[in-house]
Structure formats: C-alpha cells, structure tokens
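The values are calculated or read from the model by the stated rules, or taken from the named source; none is laboratory data. Everything quoted here is computed from the prediction, not taken from an experiment. We place every Cβ from the backbone using ideal geometry, glycine too, and count neighbours over all the protein chains shown. These area figures cover heavy atoms from the full protein model, side chains too; ligands, DNA and RNA do not enter into them. Shrake-Rupley method; radii C 1.70, N 1.55, O 1.52, S 1.80 Å.
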Amino acid sequence: MTKLLDKPFKAFTIYALIILLVSIPIYFLVVDWIWVTEIDDHHEIIMERIENRFEQAHVSGHDLETILNTWNTLQPSSSIMPITENIARPDSIYEVTKYNEYEQESDRFRGLQTVIEIDKKPYLLNIETNVEEAYETIFAIGLVTVLLYGILVFGFIQLNHKISKSVWEPFDNTLTKLKIFDLSLSKGVEFETSDIEEFEELNQTIRKLIAENVNAYNQQKAFVANASHELQTPIALLKSKLDILFQDEKLSAKQSELVNAIQIPLARLTRVNKNLLLLARIDNSKFSDISEIDFSEKVEKSEELLQDYISERKLTYKKEISGIARVTCSLFLAETLVNNLLSNAIRHSPVSSHIIVRIDENGISFLNSGLERLKDESLFKRFSISTTETTNSGLDLAIVKEICKQNGWEINYDFLDYFHIFSVRFGKF
C-alpha cells in the first residue's frame with residue numbers, strides 16, 4: 001500500500017527522469033552545433049590571417065616556395081598548395097573521418113577548403129580541425145545528467161520529507177486521536193486547531209460526526225437498559241401465570257401442549273433480556289467485585305454446572321493445564337466469560353464429539369469439534385445466531401467480546417484440524 005505523500009513524489013521523479021533522458025540527445029545536438037559553428041568561424045579567421053600575413057610579408061619566388069614547403073611539413077592540420085587554374089571556386093566546408101596517427105584511432109574532422117591569393121597567384125588552402133568524438137560527448141553528457149538527476153532526486157526526498165512533516169502534522173494528529181477513540185467511553189474528541197483550511201474543515205466535520213454518534217450510542221444504551229428493566233416484571237409475571245395455568249388439573253392435553261410451546265420462546269425472551277441487562281452493566285462498567293481470579297477453578301465450577309448438558313450430548317470432555325491463569329478482574333464477569341464459552345462449545349459440538357479446554361499462564365482456550373469454519377465477520381456480533389437451538393439468544397459471544405474489551409484482553413477464533421478454537425489472551429500479545 002502506497003502512502004499519499006509518495007504518490008506525487010513518484011510522479012515527479014518519473015517526470016524528471018523522462019525530461020533528463022530526453023535532454024541527453026538535445027544536449028548533444030546543441031553542443032555539437034556550437035562546436036561545429038565555432039570551428040567554421042575559427043577556420044574563416046585562420047584563412048584571413050594567413051592571407052593577410054603573406055600579403056604583409058611580401059614573400060615571392062624561391063623564398064615563398066621554401067616557406068610553403070615548410071608550412072605543409074610542419075602544419076599537419078592545414079596545407080597550402082598552388083593551383084594552375086585561376087578560376088573562382090566557392091569555399092567548401094566538409095567533414096571527414098580518417099585515421100589519427102597520434103591517437104591511433106579514427107577521428108572526425110571538420111574542414112575548410114578555399115582559394116587564397118599569395119603574391120598575386122591562386123593557392124588552395126585546406127584547414128582541418130579534429131572534432132570531439134560523438135560517443136565521448138554522449139558519455140560526458142550522460143554522466144553529468146545522471147549526477148544531476150541524483151542530486152535532483154535527493155533534493156526531492158529531503159524537501160518532500162521536510163515539507164510533508166510540517167504540512168501533514170495536523171492530519172497525523174487527527175488520525176492518531178481517531179485510532180484511540182472508543183465510542184463506548186461516550187466521550188468526544190478534541191482536535192488541535194490547524195492553520196490549513198482543509199484540515200480544519202476535516203476536524204470540524206469529524207468532530208460533528210463523533211458527537212452525533214456518541215449521542216446516538218448513549219441513547220441506544222439507555223434505551224436497551226431501560227427496556228430490559230421494564231421487561232423484567234412482565235416476563236416474571238407471565239412466567240408465574242403460565243406456571244399456575246400449567247398446574248391447573250382441568251387443563252386439557254391440547255392446552256398443556258400450547259402452554260409448553262409458549263414456554264420455549266418465553267425462555268429465550270428471558271435469556272435475551274438477562275443478557276441485554278448484562279451488556280448494559282458491562283457498558284457502564286458497574287462491577288465492584290474485583291479480585292484475583294484463578295480461571296482453573298472457574299472452569300471446574302462451570303463444568304459441574306453443565307455436566308448434565310455434556311452427558312446429554314455424549315461429549316468427551318478433556319482439560320489440559322500447562323500453567324496457572326490468574327488475573328485480577330470482576331468475579332461475575334470471569335464466571336460469565338467461562339460459562340458462555342463452555343456452553344457455546346457444548347452447543348456447537350456434534351453429538352459424541354470432543355471438547356478440550358486448555359489453560360496456561362497467558363490465557364484460556366476452548367476447542368470443540370466441527371466440520372467447517374464459522375463466519376469470522378459476524379461471529380461476535382449481537383444477535384448473530386449460528387445454531388438452531390431456540391433458547392439461544394445470539395448474545396453469548398457478544399458478551400464475551402465486551403468482557404474482553406472491558407479488561408483489555410484479546411478474543412480470537414480459529415479453525416484447525418476440525419476443531420473450533422476460541423482463545424482468550426490476558427493482555428495484548
């Protein structure tokens with residue numbers, strides 16, 4: 001995943017590389033044109049200078065012949081040869097590649113061939129100058145370009161880091177506060193004031209959104225608590241009336257069947273109401289029975305309470321203890337957590353299968369047999385039911401999740417070797 005700051009930097013770097021690569025042939029053509037133009041100008045100056053010097057020296061006859069022979073011998077880059085035809089010819093500028101005996105390689109030469117007049121006689125002047133080799137030019141330009149590109153990229157990195165650190169600091173502060181925000185604490189978030197308009201507008205929008213969500217969460221929590229409390233009395237009254245009705249000797253068989261059918265959804269309603277009240281208490285952190293809890297003892301007590309349920313489903317129960325799991329927390333929440341996880345393992349185990357409870361100093365795990373992995377995304381959601389048992393409220397694992405959240409523990413689910421594994425880790429590892 002790419003960071004936002006790296007997106008423009010990557011584009012700028014690629015753009016700069018393309019421009020610099022395109023500039024190499026342009027540099028070469030421009031430099032080569034300058035060299036050739038300067039050489040041609042230099043040849044013109046040399047031609048005029050030679051012609052003027054010979055005219056000023058007034059050399060003729062044998063002396064002129066001697067000077068020209070000496071000139072042609074000592075000046076390998078130029079020559080002056082007499083011509084018999086006194087016909088005007090245009091100056092000739094040419095390029096030629098020939099072997100350079102001094103460097104022992106073929107070089108590129110730029111030449112000028114023109115007719116000058118010495119002692120009122122026409123002479124053919126030929127001047128040649130070695131032009132720098134193309135591959136040497138391209139290598140030099142390429143090397144300079146690479147060095148400049150390296151300096152450019154290094155500057156980009158430094159400027160990007162320095163500017164982004166100061167410009168994006170308000171955004172990082174906002175992101176940090178959002179990461180630690182907990183809706184269950186029912187508190188808003190205070191953001192630092194920013195002088196950047198976009199970030200300040202973002203903070204105001206987030207602040208408003210959080211305030212609305214906190215208000216909605218508090219209203220929902222209050223509604224759940226109030227509704228659960230209000231339902232307690234009617235449910236208890238309904239159960240007592242059904243019990244009285246069920247004890248009536250005049251009740252027919254069909255009426256008894258109807259009463260039994262009513263008791264099943266009533267039991268589920270009772271369980272849902274009880275769990276909603278528990279969730280409301282957990283949300284409000286209303287527990288004072290804090291003590292050091294030995295989870296091995298809680299597992300034994302839970303096993304005794306659910307022994308009939310285990311026997312009814314013909315399950316093989318096994319406990320593996322490799323360490324002492326002692327944690328300071330609410331006694332009631334510890335018992336609720338163990339009971340919910342063990343009853344969940346029993347409820348979801350096929351008949352005549354296996355249940356394993358593993359305890360060590362870092363946590364506790366409940367394993368039960370299964371055929372396929374459960375849906376992780378909805379496993380700990382409220383009212384998410386993955387069993388056909390009618391008394392199941394769909395809140396057991398949600399309560400476990402809230403208990404772990406309240407105490408700073410981790411609850412994880414895995415499916416390995418046809419075993420569902422629910423693990424509670426005390427502390428964050």
HN-Hα J in Hz across segment 120-130 - Karplus 6.51, -1.76, 1.60, θ = phi - 60°, x for Gly and Pro: 6, 10, x, 10, 8, 9, 10, 10, 10, 10, 5
Two-site label geometry, M81 and N130: point separation in nm, points 7 Å out along Cα→Cβ: 2.3
Given the chain, longest segment not containing exposed loop GluC sites (Glu not before Pro) (DSSP; at most 16 other Cβ within 10 Å): 250-360
Surface/4 of the Cα convex hull for segment 147-200, nm²: 4.9
Segment 94-202: relative contact order in percent, alpha carbon pairs under 8 Å with at least 6 residues between: 13
Too-long pairs where the Cα-Cα distance tops 25 Å, listed order kept, from K254/K314; K177/K274; K221/K405; K221/K401; K239/K381: K254/K314; K177/K274; K239/K381
Length gained when the stretch L159-E105 is fully extended (0.36 nm per residue, less Cα-Cα span): 14.7 nm
Relative contact order of the chain, defined on C-alpha pairs under 8 angstrom at six or more residues apart (%): 9
Nitroxide proxy distance, nm - points 7 Å out along Cα→Cβ at F181 and K319: 4.5
Cβ-Cβ FRET estimate between L152 and A211, R0 fixed at 41 Å, reported to 0.05: 0.30
DSSP-loop trypsin sites (Lys or Arg not before Pro) across segment 211-274, with at most 15 other Cβ within 10 angstrom: K250
The chain: angle of helix 134-167 to the longest principal axis, Cα-based, in degrees nearest 10: 30
Ellipticity estimate at 222 nm from DSSP helix runs (n ≥ 4, -39,500 (n - 2.57)) divided over the chain, nearest 500: -19500 deg cm²/dmol
Residue of Q247, Q220, Q56 that the Gaussian network model of the chain assigns the largest fluctuation, springs spanning Cα pairs under 10 Å: Q56
Inter-site label distance for L202 and L374 at 7 Å from Cα along Cβ, in nm: 3.8
Potential lengthening between K221 and F12 on full extension [0.36 nm per residue; Cα-Cα distance subtracted]: 70.1 nm
Sequence of S166, S423 when ordered by accessible area, the most exposed leading, probe 1.4 angstrom: S166, S423
Table column - 3J(HN,Hα) (Hz), segment 342-358, Karplus curve with 6.51, -1.76, 1.60, x for Gly and Pro: 6, 5, 5, 5, 5, 4, 9, 8, x, 4, 6, 10, 10, 10, 10, 10, 10
Nearest-10 value in Å² for the accessible area of L331, using the 1.4 Å probe: 60
Net lengthening on full extension, E192/D289 (0.36 nm per residue, minus Cα-Cα): 31.0 nm
Angle in degrees between helix 61-74 and the longest Cα principal axis of the chain, rounded to the nearest 10: 20
Percent accessible area from carbon and sulfur atoms, the chain, protein chains only, probe 1.4 Å: 58
Helix 197-246 vs. the chain, principal-axis angle (Cα, 0 to 90°, nearest 10): 20
Accessible area per residue, Å², the chain with all protein chains present, probe 1.4 Å: 65
